[in-house]
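Please read the structure below before turning to the comments.
Just so it is clear, none of the values below were taken in a lab; they were calculated from the coordinates. Source: prediction; values computed, not measured.
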Amino acid sequence: MTHTGNGATHTGNAAERDGTTVEIAFALLTGALLGALVVLVLSAPVLLGQAHGRAAAVWSTTAVITGCAIGVARAVSVLWRYDRRRRLSRATPAAPAPIRRPARRVGRGRGPRA
């Protein structure tokens with residue numbers, strides 16, 4: 001853990017921080033795209049001219065609120081899943097590398113001749 005001058009602390013190496021940055025960007029992008037898609041689908045009656053007046057306002061408001069909620073839920077679920085994977089990978093120590101032994105040479109050894 002390193003301390004910075006402003007009281008913030010950083011943990012992990014640069015690769016881990018880069019991975020976290022990519023995951024945050026992915027969560028925000030997919031959340032925004034999913035939210036926009038939901039708004040577009042739920043606004044279809046208004047966009048196609050099937051709803052007018054008060055009904056159009058209700059459809060539009062419902063579409064925006066639902067789209068925002070689903071977009072935020074997507075971003076949060078991606079980040080929770082990433083954090084859970086990150087914590088599990090830190091808690092589970094890596095398996096030690098297997099010990100490599102030199103290969104036995106058949107027929108060229110110094111053993112007894114038959």
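Quick notes on this structure:
- The mean sequence separation of alpha-carbon pairs under 8 Å and at least six residues apart, normalised by the residue count of region 12-91, gives a relative contact order of 40 percent.
- In this structure the amide hydrogen of Ala51, modeled in the peptide plane, comes within under 5 Å of the amide hydrogens of Val46, none closer than 5 places in sequence on its chain.
- Three principal axis lengths of region 12-91 [C-alpha, angstrom, descending]: 56, 18, 12
- From phi via Karplus (6.51, -1.76, 1.60), per-residue ³J(HN,Hα) for region 31-40 in Hz, x at Gly/Pro: x, 5, 5, 5, x, 5, 5, 5, 4, 4
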